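Peer 1: Just passing along the structure, written as C-alpha coordinates.
The values are calculated or read from the model by the stated rules, or taken from the named source; none is laboratory data. This is a predicted model, so every value here is computed, not measured. Heads up, the Cβs are rebuilt from the backbone with ideal geometry, glycines too, and the neighbour counts pull from every protein chain shown.
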Amino acid sequence: MNVSALSPSALGSVTRASFIARRVGQSNALGNLTGSGISLFILCLLLTASAVKPLRVPVGGLLVHPYIFLLVPLLLFVGPRRIAQFPRRALFALIGFEFFYILSVATGFFSIDDILKIGASGVTIISTALLVRTRADFRAAVLALSIATTVLSIYNIMSGGEMFGIGGGVDVSRVIANKNAFSLYILPSLFLSLNLVLDRTAPKALRIILAASTVVMTVAIFSSANRSGWLGAIFIGLMTYGRGRGRRSGILMSVIVFSTYYAVVHYTGSGEVERRVTQTEEGYSGDMVRLDVASQSLSIGLENPVLGVSPSGLSRELGRRLPREAAVIHSLGDARVLGPHNAILQIIGGSGFIAFSCLGYFAWQLWKRPRFGRPLSRALIGQMHSGHILLRMIVVLWVLRGMFTDEVLYSPSFCIGLGLCIGLCMIEGCWAITRRHDCFAPRI
(Lines give C-alpha, C1' and ligand atoms only; values in the text may rest on other atoms or scores of the structure.)
Protein backbone atom coordinates (compact mmCIF):
# COMPACT_ATOMS: atom_id res chain seq x y z
CA MET A 1 0.00 0.00 0.00
CA ASN A 2 1.44 3.38 -1.06
CA VAL A 3 0.73 5.66 1.86
CA SER A 4 2.31 8.69 0.17
CA ALA A 5 -0.34 8.55 -2.56
CA LEU A 6 -3.19 9.02 -0.12
CA SER A 7 -4.77 12.43 0.44
CA PRO A 8 -4.55 13.92 3.97
CA SER A 9 -8.22 13.12 4.63
CA ALA A 10 -7.82 9.54 3.41
CA LEU A 11 -4.63 9.13 5.44
CA GLY A 12 -6.49 10.43 8.48
CA SER A 13 -9.25 7.89 7.93
CA VAL A 14 -6.75 5.04 7.58
CA THR A 15 -4.84 6.02 10.70
CA ARG A 16 -8.03 6.52 12.72
CA ALA A 17 -9.29 3.13 11.61
CA SER A 18 -5.91 1.62 12.51
CA PHE A 19 -6.09 3.16 15.97
CA ILE A 20 -9.64 1.92 16.61
CA ALA A 21 -8.81 -1.56 15.35
CA ARG A 22 -5.79 -1.78 17.61
CA ARG A 23 -7.79 -0.51 20.59
CA VAL A 24 -10.50 -3.12 19.98
CA GLY A 25 -7.91 -5.83 19.47
CA GLN A 26 -6.13 -4.88 22.65
CA SER A 27 -9.27 -4.82 24.81
CA ASN A 28 -8.76 -8.39 25.93
CA ALA A 29 -5.01 -7.92 26.38
CA LEU A 30 -5.64 -4.90 28.58
CA GLY A 31 -7.33 -7.23 31.05
CA ASN A 32 -4.28 -9.42 31.56
CA LEU A 33 -1.86 -9.00 34.46
CA THR A 34 1.71 -8.39 33.29
CA GLY A 35 5.09 -8.60 34.94
CA SER A 36 4.94 -4.84 35.47
CA GLY A 37 1.67 -5.31 37.35
CA ILE A 38 3.25 -7.90 39.64
CA SER A 39 6.12 -5.50 40.31
CA LEU A 40 3.61 -2.73 41.08
CA PHE A 41 1.77 -5.06 43.47
CA ILE A 42 4.97 -5.78 45.42
CA LEU A 43 6.00 -2.12 45.34
CA CYS A 44 2.68 -0.95 46.79
CA LEU A 45 2.80 -3.60 49.52
CA LEU A 46 6.19 -2.20 50.57
CA LEU A 47 4.40 1.02 51.47
CA THR A 48 3.56 -0.66 54.78
CA ALA A 49 7.27 -0.83 55.60
CA SER A 50 7.64 2.88 54.79
CA ALA A 51 5.31 3.68 57.68
CA VAL A 52 7.37 1.78 60.25
CA LYS A 53 10.50 3.62 61.26
CA PRO A 54 12.64 0.56 62.14
CA LEU A 55 11.92 -0.91 58.68
CA ARG A 56 13.22 2.08 56.77
CA VAL A 57 16.71 1.70 55.36
CA PRO A 58 19.37 4.08 56.78
CA VAL A 59 21.49 5.58 53.99
CA GLY A 60 23.93 8.35 54.85
CA GLY A 61 21.99 9.32 57.95
CA LEU A 62 18.65 9.33 56.11
CA LEU A 63 15.81 6.81 56.44
CA VAL A 64 14.92 5.73 52.90
CA HIS A 65 11.58 4.20 51.90
CA PRO A 66 12.12 0.47 51.14
CA TYR A 67 10.10 0.62 47.94
CA ILE A 68 12.66 2.99 46.40
CA PHE A 69 15.18 0.14 46.15
CA LEU A 70 12.73 -1.75 43.91
CA LEU A 71 11.48 1.30 42.05
CA VAL A 72 14.83 2.57 40.72
CA PRO A 73 15.82 -0.69 38.92
CA LEU A 74 12.31 -0.91 37.48
CA LEU A 75 12.59 2.64 36.12
CA LEU A 76 15.94 1.86 34.49
CA PHE A 77 14.43 -1.24 32.90
CA VAL A 78 11.04 0.12 31.79
CA GLY A 79 11.82 3.83 31.35
CA PRO A 80 13.74 3.77 28.04
CA ARG A 81 11.03 1.69 26.39
CA ARG A 82 7.92 3.52 27.63
CA ILE A 83 8.96 7.07 28.50
CA ALA A 84 7.72 8.30 25.10
CA GLN A 85 4.16 7.38 26.13
CA PHE A 86 4.24 9.74 29.12
CA PRO A 87 2.51 13.05 28.22
CA ARG A 88 5.41 15.11 26.95
CA ARG A 89 4.46 18.56 28.22
CA ALA A 90 3.56 17.21 31.65
CA LEU A 91 6.91 15.40 31.79
CA PHE A 92 8.86 18.54 30.90
CA ALA A 93 6.88 20.57 33.47
CA LEU A 94 7.59 18.00 36.20
CA ILE A 95 11.29 17.93 35.33
CA GLY A 96 11.35 21.74 35.34
CA PHE A 97 9.75 21.85 38.77
CA GLU A 98 12.27 19.32 40.11
CA PHE A 99 15.16 21.31 38.60
CA PHE A 100 14.19 24.68 40.08
CA TYR A 101 13.29 23.10 43.42
CA ILE A 102 16.73 21.49 43.66
CA LEU A 103 18.37 24.71 42.40
CA SER A 104 16.69 26.64 45.22
CA VAL A 105 18.14 24.15 47.71
CA ALA A 106 21.61 24.48 46.18
CA THR A 107 21.56 28.30 46.24
CA GLY A 108 19.87 28.70 49.64
CA PHE A 109 20.09 26.71 52.83
CA PHE A 110 21.49 23.44 51.51
CA SER A 111 19.85 20.21 52.67
CA ILE A 112 20.51 16.89 50.96
CA ASP A 113 17.35 15.62 52.63
CA ASP A 114 15.21 18.09 50.63
CA ILE A 115 16.88 17.06 47.35
CA LEU A 116 16.46 13.34 47.92
CA LYS A 117 12.83 13.65 49.04
CA ILE A 118 11.67 15.73 46.08
CA GLY A 119 13.72 13.59 43.71
CA ALA A 120 12.11 10.44 45.07
CA SER A 121 8.67 11.98 44.56
CA GLY A 122 9.29 12.70 40.89
CA VAL A 123 10.81 9.28 40.25
CA THR A 124 7.85 7.62 42.00
CA ILE A 125 5.25 9.44 39.88
CA ILE A 126 6.98 8.73 36.57
CA SER A 127 7.95 5.13 37.35
CA THR A 128 4.53 4.15 38.65
CA ALA A 129 2.85 5.58 35.55
CA LEU A 130 5.21 3.70 33.21
CA LEU A 131 4.67 0.40 35.03
CA VAL A 132 0.91 0.43 34.36
CA ARG A 133 0.51 -1.53 31.13
CA THR A 134 -3.01 -2.96 31.48
CA ARG A 135 -6.15 -2.34 33.50
CA ALA A 136 -5.33 -5.49 35.46
CA ASP A 137 -2.00 -3.93 36.44
CA PHE A 138 -3.83 -0.83 37.67
CA ARG A 139 -6.29 -2.91 39.68
CA ALA A 140 -3.52 -5.07 41.17
CA ALA A 141 -1.68 -1.94 42.31
CA VAL A 142 -4.85 -0.48 43.87
CA LEU A 143 -5.46 -3.78 45.66
CA ALA A 144 -1.91 -3.85 47.06
CA LEU A 145 -2.15 -0.20 48.09
CA SER A 146 -5.44 -0.96 49.81
CA ILE A 147 -3.95 -3.95 51.65
CA ALA A 148 -0.98 -1.90 52.84
CA THR A 149 -3.06 1.01 54.10
CA THR A 150 -5.67 -1.29 55.66
CA VAL A 151 -2.92 -2.96 57.70
CA LEU A 152 -1.75 0.48 58.83
CA SER A 153 -5.34 1.47 59.66
CA ILE A 154 -5.98 -1.63 61.78
CA TYR A 155 -2.69 -1.21 63.65
CA ASN A 156 -3.34 2.48 64.19
CA ILE A 157 -6.83 1.83 65.59
CA MET A 158 -5.62 -0.96 67.89
CA SER A 159 -2.61 1.03 69.14
CA GLY A 160 -4.55 4.22 69.74
CA GLY A 161 -2.57 6.15 67.15
CA GLU A 162 0.85 5.17 68.47
CA MET A 163 2.41 4.65 65.04
CA PHE A 164 1.67 8.17 63.83
CA GLY A 165 1.89 10.06 67.09
CA ILE A 166 -1.87 10.51 67.44
CA GLY A 167 -2.49 8.91 70.83
CA GLY A 168 -0.78 9.21 74.16
CA GLY A 169 2.18 7.22 75.43
CA VAL A 170 3.96 7.36 72.10
CA ASP A 171 7.17 5.44 71.54
CA VAL A 172 9.34 8.03 69.78
CA SER A 173 11.57 5.34 68.23
CA ARG A 174 8.61 4.07 66.21
CA VAL A 175 6.79 7.27 65.28
CA ILE A 176 7.57 8.34 61.70
CA ALA A 177 5.81 11.70 61.60
CA ASN A 178 2.99 13.78 63.07
CA LYS A 179 -0.70 12.90 62.82
CA ASN A 180 -0.91 14.45 59.32
CA ALA A 181 1.11 11.53 58.02
CA PHE A 182 -1.65 9.02 58.64
CA SER A 183 -4.21 10.66 56.36
CA LEU A 184 -1.51 11.23 53.74
CA TYR A 185 -0.95 7.48 53.63
CA ILE A 186 -4.64 6.59 53.64
CA LEU A 187 -6.48 9.12 51.46
CA PRO A 188 -5.10 8.17 47.99
CA SER A 189 -5.75 4.49 48.69
CA LEU A 190 -9.26 5.26 49.96
CA PHE A 191 -9.98 7.30 46.85
CA LEU A 192 -8.77 4.68 44.35
CA SER A 193 -10.37 1.78 46.22
CA LEU A 194 -13.74 3.49 46.47
CA ASN A 195 -13.80 4.26 42.75
CA LEU A 196 -12.82 0.71 41.87
CA VAL A 197 -15.60 -0.67 44.10
CA LEU A 198 -18.08 1.19 41.88
CA ASP A 199 -16.47 -0.05 38.65
CA ARG A 200 -18.85 -2.62 37.18
CA THR A 201 -16.12 -4.07 34.95
CA ALA A 202 -13.91 -4.99 37.92
CA PRO A 203 -14.06 -8.56 39.31
CA LYS A 204 -16.73 -8.98 42.00
CA ALA A 205 -14.32 -10.55 44.51
CA LEU A 206 -11.96 -7.59 44.14
CA ARG A 207 -14.77 -5.12 44.72
CA ILE A 208 -15.91 -6.93 47.88
CA ILE A 209 -12.36 -6.88 49.31
CA LEU A 210 -11.93 -3.20 48.49
CA ALA A 211 -15.34 -2.35 49.95
CA ALA A 212 -14.32 -3.86 53.30
CA SER A 213 -11.00 -2.01 53.12
CA THR A 214 -12.68 1.34 52.51
CA VAL A 215 -14.78 0.91 55.66
CA VAL A 216 -11.69 0.12 57.77
CA MET A 217 -9.72 3.04 56.33
CA THR A 218 -12.60 5.47 56.83
CA VAL A 219 -13.04 4.38 60.46
CA ALA A 220 -9.30 4.84 61.03
CA ILE A 221 -9.33 8.36 59.59
CA PHE A 222 -12.33 9.55 61.60
CA SER A 223 -11.00 7.99 64.80
CA SER A 224 -7.88 10.14 64.48
CA ALA A 225 -7.56 13.78 65.51
CA ASN A 226 -6.68 15.06 62.05
CA ARG A 227 -9.37 17.44 60.80
CA SER A 228 -7.80 17.84 57.36
CA GLY A 229 -7.93 14.06 57.04
CA TRP A 230 -11.65 14.17 57.83
CA LEU A 231 -12.13 16.85 55.20
CA GLY A 232 -10.25 14.77 52.64
CA ALA A 233 -12.36 11.68 53.35
CA ILE A 234 -15.61 13.68 53.08
CA PHE A 235 -14.42 15.25 49.84
CA ILE A 236 -13.61 11.81 48.39
CA GLY A 237 -17.12 10.66 49.19
CA LEU A 238 -18.67 13.73 47.58
CA MET A 239 -16.51 13.43 44.45
CA THR A 240 -17.31 9.75 44.06
CA TYR A 241 -21.03 10.28 44.56
CA GLY A 242 -20.95 13.23 42.16
CA ARG A 243 -19.67 11.13 39.26
CA GLY A 244 -23.28 10.25 38.48
CA ARG A 245 -23.23 6.59 39.37
CA GLY A 246 -26.75 6.80 40.74
CA ARG A 247 -28.33 4.47 43.25
CA ARG A 248 -25.33 2.16 43.68
CA SER A 249 -23.01 4.96 44.78
CA GLY A 250 -25.67 6.35 47.12
CA ILE A 251 -26.17 2.97 48.80
CA LEU A 252 -22.41 2.45 49.17
CA MET A 253 -21.90 5.92 50.63
CA SER A 254 -24.70 5.30 53.13
CA VAL A 255 -23.22 1.96 54.23
CA ILE A 256 -19.78 3.50 54.73
CA VAL A 257 -21.15 6.48 56.65
CA PHE A 258 -23.26 4.41 59.06
CA SER A 259 -20.51 1.80 59.51
CA THR A 260 -17.97 4.50 60.29
CA TYR A 261 -20.27 6.27 62.73
CA TYR A 262 -21.10 3.05 64.56
CA ALA A 263 -17.47 1.91 64.77
CA VAL A 264 -16.15 5.30 65.92
CA VAL A 265 -18.81 5.69 68.62
CA HIS A 266 -18.83 2.13 69.97
CA TYR A 267 -15.31 0.82 69.43
CA THR A 268 -12.73 3.59 69.02
CA GLY A 269 -14.15 6.18 71.38
CA SER A 270 -15.52 9.52 70.24
CA GLY A 271 -13.82 11.73 72.83
CA GLU A 272 -11.05 12.90 70.50
CA VAL A 273 -13.51 13.56 67.69
CA GLU A 274 -15.76 15.62 69.96
CA ARG A 275 -12.76 17.58 71.26
CA ARG A 276 -11.62 18.52 67.76
CA VAL A 277 -15.13 19.47 66.67
CA THR A 278 -15.48 21.69 69.74
CA GLN A 279 -12.12 23.34 69.01
CA THR A 280 -13.23 24.09 65.47
CA GLU A 281 -16.54 25.60 66.60
CA GLU A 282 -15.03 27.73 69.40
CA GLY A 283 -11.92 28.77 67.52
CA TYR A 284 -8.54 27.10 67.76
CA SER A 285 -5.34 29.06 68.36
CA GLY A 286 -3.51 26.83 65.87
CA ASP A 287 -5.90 27.99 63.13
CA MET A 288 -5.00 31.61 63.83
CA VAL A 289 -1.33 30.72 63.70
CA ARG A 290 -1.79 29.20 60.24
CA LEU A 291 -2.97 32.58 58.96
CA ASP A 292 0.18 34.25 60.33
CA VAL A 293 2.35 31.54 58.79
CA ALA A 294 0.56 31.86 55.44
CA SER A 295 1.00 35.63 55.26
CA GLN A 296 4.66 35.44 56.24
CA SER A 297 5.35 32.63 53.74
CA LEU A 298 3.76 34.62 50.93
CA SER A 299 5.70 37.71 52.00
CA ILE A 300 8.97 35.77 51.89
CA GLY A 301 8.07 34.49 48.42
CA LEU A 302 7.41 38.01 47.15
CA GLU A 303 10.73 39.17 48.60
CA ASN A 304 12.55 36.28 46.89
CA PRO A 305 10.47 35.59 43.75
CA VAL A 306 13.02 33.72 41.61
CA LEU A 307 14.33 30.87 43.77
CA GLY A 308 12.85 31.59 47.19
CA VAL A 309 14.97 30.99 50.30
CA SER A 310 15.10 27.17 49.91
CA PRO A 311 12.62 24.80 51.59
CA SER A 312 14.63 24.37 54.81
CA GLY A 313 15.52 28.06 54.74
CA LEU A 314 11.82 28.94 54.70
CA SER A 315 11.21 27.00 57.92
CA ARG A 316 14.11 28.80 59.61
CA GLU A 317 12.99 32.19 58.33
CA LEU A 318 9.44 31.60 59.62
CA GLY A 319 10.86 30.57 63.00
CA ARG A 320 12.88 33.79 63.09
CA ARG A 321 10.03 36.12 62.06
CA LEU A 322 7.22 34.72 64.18
CA PRO A 323 7.28 35.35 67.93
CA ARG A 324 7.84 32.42 70.26
CA GLU A 325 4.32 32.53 71.65
CA ALA A 326 2.74 32.57 68.17
CA ALA A 327 3.15 28.86 67.49
CA VAL A 328 4.67 25.62 68.62
CA ILE A 329 8.14 25.98 67.19
CA HIS A 330 10.73 23.27 67.65
CA SER A 331 14.46 23.89 67.76
CA LEU A 332 17.14 22.52 65.48
CA GLY A 333 20.43 23.32 67.15
CA ASP A 334 20.49 27.07 67.67
CA ALA A 335 17.79 27.69 65.04
CA ARG A 336 14.03 27.86 65.60
CA VAL A 337 12.12 26.29 62.71
CA LEU A 338 8.46 26.32 61.73
CA GLY A 339 7.01 24.64 58.65
CA PRO A 340 4.47 26.51 56.48
CA HIS A 341 1.95 23.62 56.69
CA ASN A 342 0.91 24.38 53.11
CA ALA A 343 2.42 22.84 49.96
CA ILE A 344 1.66 25.87 47.78
CA LEU A 345 3.25 28.32 50.22
CA GLN A 346 6.16 25.94 50.74
CA ILE A 347 6.93 26.12 47.02
CA ILE A 348 6.36 29.88 46.66
CA GLY A 349 8.41 30.88 49.71
CA GLY A 350 10.96 28.08 49.55
CA SER A 351 11.58 27.65 45.81
CA GLY A 352 10.12 30.74 44.15
CA PHE A 353 7.49 31.46 41.53
CA ILE A 354 9.32 29.70 38.68
CA ALA A 355 9.09 26.34 40.44
CA PHE A 356 5.48 27.12 41.38
CA SER A 357 4.67 27.93 37.73
CA CYS A 358 6.22 24.65 36.57
CA LEU A 359 4.15 22.67 39.07
CA GLY A 360 1.01 24.59 38.09
CA TYR A 361 1.66 23.86 34.40
CA PHE A 362 2.17 20.19 35.24
CA ALA A 363 -1.20 20.11 37.01
CA TRP A 364 -2.84 21.93 34.08
CA GLN A 365 -1.51 19.39 31.58
CA LEU A 366 -2.98 16.59 33.68
CA TRP A 367 -6.26 18.47 34.14
CA LYS A 368 -6.74 19.50 30.49
CA ARG A 369 -9.38 17.34 28.79
CA PRO A 370 -8.09 15.47 25.71
CA ARG A 371 -9.79 16.15 22.37
CA PHE A 372 -10.73 13.30 20.11
CA GLY A 373 -11.75 13.12 16.47
CA ARG A 374 -15.36 12.32 15.56
CA PRO A 375 -14.63 8.86 14.04
CA LEU A 376 -13.81 7.44 17.47
CA SER A 377 -16.74 5.56 18.96
CA ARG A 378 -18.61 7.11 21.88
CA ALA A 379 -17.88 4.04 24.01
CA LEU A 380 -14.14 4.42 23.41
CA ILE A 381 -14.19 8.14 24.13
CA GLY A 382 -16.27 7.53 27.26
CA GLN A 383 -13.75 4.98 28.47
CA MET A 384 -10.89 7.44 27.96
CA HIS A 385 -12.78 10.24 29.69
CA SER A 386 -13.60 7.97 32.65
CA GLY A 387 -9.89 7.43 33.31
CA HIS A 388 -9.18 11.12 32.88
CA ILE A 389 -11.91 12.09 35.35
CA LEU A 390 -10.17 9.86 37.89
CA LEU A 391 -6.92 11.74 37.24
CA ARG A 392 -8.65 15.08 37.67
CA MET A 393 -10.15 13.98 40.96
CA ILE A 394 -6.82 12.94 42.49
CA VAL A 395 -5.26 16.24 41.37
CA VAL A 396 -8.04 18.08 43.24
CA LEU A 397 -7.49 15.82 46.26
CA TRP A 398 -3.75 16.60 46.17
CA VAL A 399 -4.44 20.35 46.13
CA LEU A 400 -7.02 20.09 48.92
CA ARG A 401 -4.73 18.06 51.17
CA GLY A 402 -1.79 20.28 50.28
CA MET A 403 -3.61 23.29 51.71
CA PHE A 404 -3.00 21.87 55.19
CA THR A 405 0.45 20.29 54.98
CA ASP A 406 3.58 20.60 52.87
CA GLU A 407 4.35 16.91 53.45
CA VAL A 408 2.06 16.02 50.54
CA LEU A 409 4.99 16.94 48.27
CA TYR A 410 6.91 13.93 49.55
CA SER A 411 4.05 11.55 50.39
CA PRO A 412 4.80 8.15 48.78
CA SER A 413 1.11 7.22 48.81
CA PHE A 414 0.05 10.38 46.96
CA CYS A 415 2.91 10.01 44.45
CA ILE A 416 2.00 6.38 43.77
CA GLY A 417 -1.71 7.22 43.48
CA LEU A 418 -1.04 10.07 41.05
CA GLY A 419 1.29 7.88 39.00
CA LEU A 420 -1.32 5.10 38.82
CA CYS A 421 -3.96 7.51 37.49
CA ILE A 422 -1.55 8.90 34.89
CA GLY A 423 -0.66 5.35 33.86
CA LEU A 424 -4.34 4.44 33.51
CA CYS A 425 -4.86 7.43 31.20
CA MET A 426 -1.82 6.37 29.17
CA ILE A 427 -3.13 2.86 28.49
CA GLU A 428 -6.61 4.22 27.77
CA GLY A 429 -5.12 6.44 25.07
CA CYS A 430 -6.03 9.81 26.60
CA TRP A 431 -2.95 11.50 25.15
CA ALA A 432 -2.62 9.35 22.01
CA ILE A 433 -4.92 11.50 19.84
CA THR A 434 -5.37 15.21 20.30
CA ARG A 435 -6.57 16.34 16.83
CA ARG A 436 -8.61 14.86 14.03
CA HIS A 437 -5.64 13.86 11.85
CA ASP A 438 -3.21 13.31 14.73
CA CYS A 439 -3.59 9.53 15.07
CA PHE A 440 -1.13 6.68 15.24
CA ALA A 441 0.73 6.35 11.95
CA PRO A 442 -0.14 3.09 10.14
CA ARG A 443 2.47 0.39 10.12
CA ILE A 444 3.10 -0.76 6.56
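Peer 1: Out of ALA181, ALA177, I need the residue that is at pLDDT below 85 and not in a helix (DSSP H, G or I). Which one?
Peer 2: Checking each option against the conditions leaves just ALA177.
Peer 1: Which residues, taken from the stretch 340-351, are under 14 Å from PHE109 (Cβ atoms) and either in contact with a Pro (Cβ under 6 Å, 6 or more places away or on another chain) or surrounded by fewer than 22 Cβ atoms within 10 Å (Cβ to Cβ) (or both)?
Peer 2: Across the stretch 340-351, the qualifying residues are GLN346, GLY350.
Peer 1: For the stretch 189-206, give me the residue count where each residue is in a helix (DSSP H, G or I) and buried (at least 17 other Cβ atoms within 10 Å of the Cβ).
Peer 2: Going through the stretch 189-206 one residue at a time, the tally reaches 10.
Peer 1: Follow-up question, since we're still on this one. What pairs come up if the first residue lies in the stretch 309-322 and is closer than 17 Å to GLY352 by Cβ, the second is aromatic (Phe, Trp, Tyr), and their beta carbons are under 7 Å apart, counting only those six or more places apart or on different chains?
Peer 2: SER310/PHE109; SER312/PHE109; GLY313/PHE109; ARG316/PHE109
Okay, residues lined up against (1) under 27 Å from the mean Cα position of the chain (by Cα); (2) over 23 Å from VAL408 (Cα atoms); (3) modelled with pLDDT of 80 or more:
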position: ALA202; (1), (2), (3): yes, yes, yes
position: ALA212; (1), (2), (3): yes, yes, yes
position: TRP230; (1), (2), (3): yes, no, yes
position: ARG247; (1), (2), (3): no, yes, no
position: ILE251; (1), (2), (3): yes, yes, no
position: GLY283; (1), (2), (3): no, yes, no
position: ASP287; (1), (2), (3): yes, no, no
position: VAL293; (1), (2), (3): yes, no, yes
position: LEU298; (1), (2), (3): yes, no, yes
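Peer 1: Taking ARG23, is it at pLDDT below 90, within 19 Å of ASP137 (Cβ to Cβ) and touching a Gly at 6+ places or on another chain (Cβ under 9 Å)?
Peer 2: yes
Peer 1: Within the bounds of the stretch 149-158, is there any residue that is free of Cβ contacts under 8 Å to residues at least 12 places away in the same chain, farther than 18 Å from LEU43 by Cβ and in a helix (DSSP H, G or I)?
Peer 2: Within the stretch 149-158, one or more residues are free of Cβ contacts under 8 Å to residues at least 12 places away in the same chain, farther than 18 Å from LEU43 by Cβ and in a helix (DSSP H, G or I).
Peer 1: Quickly run through the stretch 98-119 and pick out the residues that are part of a loop (DSSP other than H, G, I, E, B) and over 13 Å from LEU314 (Cβ atoms).
Peer 2: Hit for the stretch 98-119 is PHE110, nothing else.
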